[in-house]
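Since the structure comes first, as structure tokens, the remarks are kept for the end.
The values are calculated or read from the model by the stated rules, or taken from the named source; none is laboratory data. It should be emphasised that the depicted structure is a prediction, and the values quoted were computed from it without experimental measurement. Quick reminder, even Gly has a Cβ in these numbers, built from the backbone with ideal geometry, and neighbours come from all protein chains shown. Areas reflect the complete protein model, heavy atoms only, side chains present, ligands, DNA and RNA absent. Shrake-Rupley method; radii C 1.70, N 1.55, O 1.52, S 1.80 Å.
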Amino acid sequence: MKKILGIAVMATLITSCGSKAPQLSPDNIDEVIAAMTPEEKVKLVIGTGMAGFSGDSAVVGAVKGKVPGAAGTTYPIPRLGIPSIVLADGPAGLRIDPTRPDDSETYYCTHFPIGTLLACTWDTTLVAKVGRAIGEEVLEYGADVLLAPALNTHRNPLCGRNFEYYSEDPVVSGNIASAYVKGVQSNGVGTSIKHFAGNNQETNRMGNDARMSERALRELYLKGFEIAVKDADPWTVMSSYNYINGEYTSESYDLLTTVLRDEWGYGGTVMTDWFGGKDGVMQMKAGNDMLQPGTDRQYEQIMAGLENGSLDEAVLDRNVKRILELIVRTPSFKGYKYSNKPDLKAHADITRQSATEGMVLLKNDKGTLPLAKDVKNVAVYGNGSYDFIAGGTGSGNVNRAYTVSLLDGLGNAGYKTDKKLEEAYRAYLKNYYDNLKKSDDPMSAFLPAELPDEMPVDPKDIERQAEELDMALITIGRQSGEFLDRTSADFSLSPANKKLISDVTKAFHAKGKKVVVIMNVGGVIETASWKDQPDAILCAWQGGQEGGNSVADVLTGKSYPSGKLTMTFPNSFRDHASTANFPVDRKANMDITNNQARADMEKEKDIDFTNYEEDVYVGYRYFDTFGKDVSYPFGYGLSYTEFEYGEPTVEKVGNRYEVKMDVKNVGSMPGKEVVQLYVSAPDAKTANKPEKELKAFAKTSELAPGAVEKVTLIFDADELASFDADGSKWVVTPGEYALLLGSSSRDIRKKVNVSAAGSERKVNKVLSPATPLNTLSRK
């Protein structure tokens with residue numbers, strides 16, 4: 001180390017006395033690295049830290065300086081022309097501080113719909129449009145990289161962070177993420193797809209070991225990332241907190257180099273999640289280029305590694321080079337004069353419209369929706385109608401200027417509501433929040449607030465309202481957020497929720513009037529026990545700051561729902577095969593910031609380690625293969641119209657299959673249809689494969705009544721392969737494959753067969769479990 005430091009100091013002295021130090025440009029990165037001291041290199045790879053945090057806290061980043069409230073920054077080296085760049089949270093919009101000391105200006109950002117809603121649009125063009133709007137705010141507020149999108153798998157409906165994630169299926173997740181990345185990066189700013197990989201529970205997320213077969217890893221938990229990396233080339237990838245099969249993901253050479261770079265050809269930068277991993281030297285070797293937000297401990301570890309020889313400086317130089325290659329792409333490096341004035345009005349219009357397309361119409365008896373023209377006066381029930389939830393908490397929160405409630409949206413659409421009922425709800429909610437105990441823990445600001453119990457409504461008042469008003473709306477609300485997994489109680493409707501639905505439907509139906517339930521939720525909830533009661537159910541998800549207007553647009557028919565579920569709604573969360581290995585209603589016995597206390601304890605199942613015994617049978621792959629009843633299947637969603645599918649044709653063009661089919665609107669209203677293409681393998685049962693797997697999807701443009709559009713669905717022949725873990729290879733079994741075209745996984749409308757020759761593609765064996773798991777099999 002003395003020799004290294006001596007050379008560096010001498011080089012610095014020579015530079016200061018003679019020739020000018022090189023100034024960073026895209027063409028001289030190697031020259032700049034050669035001029036850097038070891039200390040400068042180490043500082044560049046670890047970020048600039050966070051005030052008030054110096055340990056292993058899994059916190060939401062917040063720094064001051066150029067963009068207050070951004071998540072982190074990189075270390076500037078002015079003598080070499082290396083600026084600091086700004087990393088800021090997403091994915092429902094840019095998260096920065098909305099106000100600043102001694103500054104009368106505001107810096108609000110647009111809260112767009114949550115990731116789950118965007119995915120339920122199944123519309124990559126629309127998602128790219130949302131991404132472009134978000135990217136414009138990133139650019140104009142002076143940030144360089146948006147820490148989004150998040151595309152981990154909906155392994156279980158109780159995962160607390162599912163609201164940010166897209167689907168239980170990697171084809172949906174990968175393609176939606178790809179569209180988002182392309183949209184954001186079209187502004188000349190970067191993204192960071194996260195959390196790579198296996199971050200499928202929040203409970204003890206920094207210490208949990210996700211134990212899975214290599215087949216499940218490659219077919220499910222890596223596939224979405226592979227699609228996004230190859231199709232969209234995100235500027236950065238963020239490694240996850242957890243272990244996979246005993247190895248920290250942020251310290252895994254297998255994951256970050258063998259798979260990500262060697263197999264997939266990724267050439268960008270890898271960064272940690274905030275305070276992720278333990279061993280800075282191991283992270284450097286693995287190919288985790290940047291450690292965020294940066295700590296003294298990491299600096300000392302890496303400097304010691306250089307001194308004792310456990311870290312080759314060539315490895316450090318490799319990582320530094322990747323960071324510099326990132327920096328030279330950024331607006332900060334290019335000297336962009338950001339305005340702090342993005343077009344928030346135009347973006348509000350985009351979020352309002354995009355939210356309507358991801359809402360899923362679960363039920364619509366006798367054309368209850370859109371509302372009849374003679375409906376003018378509406379009874380509005382449920383705390384959530386008056387306290388509408390725009391999105392989740394934690395790093396996924398957005399500091400917005402306003403949130404439009406359902407009541408606001410109805411008023412904007414010209415409806416009148418019962419003032420006495422409104423006053424009662426407002427007083428009830430004010431009293432609750434005024435008396436809510438405030439926590440001294442700074443982390444509490446990032447956790448989902450506990451919602452009040454549903455306000456009781458006297459059945460006699462409901463009977464009066466049923467007599468006087470034209471129809472009823474009931475909102476069921478659920479919070480969503482980072483750090484904590486959902487509870488079984490959060491999944492289920494409370495007794496008060498169920499009583500409200502029962503009392504309202506009985507009273508209004510007795511008068512021959514309709515009842516609609518609005519689900520303002522971030523994830524799946526139980527619907528089987530009550531869905532027969534109301535006339536219509538609209539899953540509105542959490543639609544961002546314009547959510548109330550978006551719902552009103554759908555209710556009135558100004559817009560129409562065209563979303564479909566990207567996850568299964570089971571009868572019970574316990575019906576999921578993964579629930580047998582999920583921390584249901586459990587918490588790690590530790591302070592959220594104290595990893596060592598957790599590490600020193602005896603390992604607990606589903607907390608310190610989680611066995612993915614369901615293997616590849618996640619979501620519809622399990623329910624459809626094993627014939628399990630569900631409340632609403634994967635891919636399901638009604639429209640205000642009906643669609644008819646023509647006869648499909650299939651052609652193999654090079655290594656791709658192209659399936660074409662006419663879709664006709666045979667109803668009386670305009671609408672859009674999502675066509676889903678599933679594949680069933682010839683040896684599905686004997687080779688322990690799912691009954692069907694999604695391989696492609698397409699959404700039509702708006703079709704007027706009687707209009708026809710030809711959709712094209714494309715997938716590579718290689719996607720017929722399943723992974724053989726024993727042989728470390730992807731295998732296409734020769735034979736006849738059924739291509740199934742449907743409106744959901746359980747509404748298959750057309751079928752066409754293709755014949756495939758057998759093939760094998762060898763890959764490296766990575767992250768294999770230490771001991772075989774007792775995995776689910778259909779044999």
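At 1.4 Å probe size, put Thr106, Thr733, Thr272 in order of accessible surface, largest to smallest.
Numbers: Thr106 70, Thr733 35, Thr272 0 Å².
The most accessible residue leads, giving Thr106, Thr733, Thr272.
Would you mind checking Lys194/Lys692; Lys223/Lys605; Lys695/Lys751; Lys230/Lys762; Lys710/Lys750 for any pair whose Cα atoms are more than 23 angstrom apart? List each step's numbers first, then the result.
Numbers: Lys194/Lys692 27 Å; Lys223/Lys605 26 Å; Lys695/Lys751 14 Å; Lys230/Lys762 19 Å; Lys710/Lys750 14 Å.
From Lys194/Lys692; Lys223/Lys605; Lys695/Lys751; Lys230/Lys762; Lys710/Lys750, over 23 Å: Lys194/Lys692; Lys223/Lys605.
How much mean residue ellipticity at 222 nm does the chain get from its helices, if each DSSP H run of length 4 or more adds -39500 (n - 2.57) and you divide by all residues, to the nearest 500 deg cm²/dmol?
The helix-only estimate for the chain comes to -8000 deg cm²/dmol at 222 nm.
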TODO: Give me the number: length gained by fully extending Asp458 to Asp585, i.e. 0.36 nm times residue separation minus the C-alpha to C-alpha distance, one decimal in nm.
DONE: 42.5 nm
Open item on the list: Normalised radius of gyration for the range 447-489, please: alpha carbon Rg relative to 2.2 N^0.38 Å, two decimal places.
Closed with: 1.71
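Sort Lys334, Lys750, Lys498 by heavy-atom solvent-accessible area, probe 1.4 angstrom, most to least.
Descending order: Lys334, Lys498, Lys750.
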TODO: Enter the mean projected area of the convex hull around the alpha-carbon atoms of the range 142-181, in nm², rounded to one decimal.
DONE: 3.2
TODO: Report, in degrees rounded to the nearest 10, the 0 to 90 angle that the Cα long axis of helix 313-327 makes with the longest principal axis of the chain.
DONE: 50
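From the convex hull of the Cα coordinates of the range 278-318, what is the mean projected area in square nanometres?
Numbers: hull surface 10.2 nm².
The Cα convex hull of the range 278-318, projected and averaged over all directions, gives 2.6 nm².
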Open item on the list: For the range 428-525, which GluC sites (Glu not before Pro) pass both filters: DSSP loop (anything but H, G, I, E, B) and at most 10 other C-beta atoms within 10 Å?
Closed with: Glu450
Task: Eligible aspartates and glutamates near Lys41 by straight Cα distance, threshold 18 Å, same-chain separation 8 or greater - done: Asp30, Glu31, Asp279, Asp289, Asp296, Glu300, Glu307, Asp312, Glu313, Asp317, Glu325
- [ ] Find the all-direction average of the projected area of the Cα convex hull for the range 368-492, expressing the result in square nanometres with one decimal place.
- [x] 9.6
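In Å², and per residue, what accessible area does the range 399-470 have when probed at 1.4 Å with the other protein chains present? Kindly include the intermediate steps, with their values, before the conclusion.
On the way: 4620 Å² over 72 residues.
On a per-residue basis, 64 Å².
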Task: Spin-label model distance (nm) - Glu307 vs Asn753, 7 Å beyond Cα toward Cβ - done: 7.1
Task: 18 Å Cα-Cα threshold exceeded, pairs from Lys43/Lys321; Lys182/Lys334; Lys587/Lys628 - done: Lys182/Lys334; Lys587/Lys628
Task: Listed residues Lys345, Lys129, Lys194 arranged by accessible area, highest first, probe 1.4 Å - done: Lys345, Lys129, Lys194
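Taking the DSSP beta bridges in the chain as the whole, what percent of them are antiparallel, to the nearest 5?
65
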- [ ] Determine the shape class of the range 685-764: with a ≥ b ≥ c the square roots of the Cα gyration tensor eigenvalues, call it rounded for a/c under 1.5, and otherwise prolate if a/b is greater than b/c, oblate otherwise.
- [x] prolate
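Per residue Cα convex hull volume for the range 124-257, in cubic angstrom? Before the final figure, lay out the partial values.
Working: hull volume 14.1 nm³, N = 134.
It is 106 Å³ per residue.
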Open item on the list: I need the shape label for the range 466-538. Rule: rounded when a/c is under 1.5, else prolate if a/b > b/c, else oblate, with a, b, c from the alpha carbon gyration tensor.
Closed with: prolate
- [ ] Starting from the Cα gyration tensor of the range 72-115, take the square roots of the eigenvalues, sort them a ≥ b ≥ c, and report rounded, prolate or oblate (rounded when a/c is under 1.5, otherwise prolate if a/b is larger than b/c, else oblate).
- [x] oblate
Open item on the list: Not counting ligands, DNA or RNA, and with a 1.4 Å probe, what is Asp575's accessible surface area in Å² rounded to the nearest 10?
Closed with: 60
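Distances longer than 17 Å among the Cα atoms of the range 182-276: what percent of all pairs is that?
Details: 2114 of 4465 pairs.
The share of Cα pairs beyond 17 Å in the range 182-276 comes to 47 percent.
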TODO: Mind checking which aspartates and glutamates have their Cα closer than 12 Å to the Cα of Lys337? Skip sequence neighbours fewer than 8 apart in that chain.
DONE: Glu140
Open item on the list: Just to be sure I understand the model, the point goes 7 Å from the Cα along the line to the Cβ. What's the resulting Lys762 to Lys685 distance in nm?
Closed with: 3.5
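Return a whole-number percent for the relative contact order of the chain, with Cα pairs under 8 Å and 6 or more residues apart as the contact set.
Working: 1876 pairs, mean separation 114.5, N = 779.
Across the chain, relative contact order equals 15 percent.
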TODO: Restricting things to alpha carbons, find the Rg to Rh ratio for the chain using the Kirkwood radius for Rh.
DONE: 0.98
- [ ] Scale the Cα Rg of the range 653-728 by the rule-of-thumb value 2.2 N^0.38 Å and send over the ratio, two decimals.
- [x] 1.45
Open item on the list: Ignoring solvent entirely, what values of log10 I(q)/I(0) come out of the Debye formula for the range 572-721 at 0.10, 0.17, 0.18, 0.19 Å⁻¹ when each Cα is a single scatterer?
Closed with: -0.58, -1.05, -1.10, -1.16
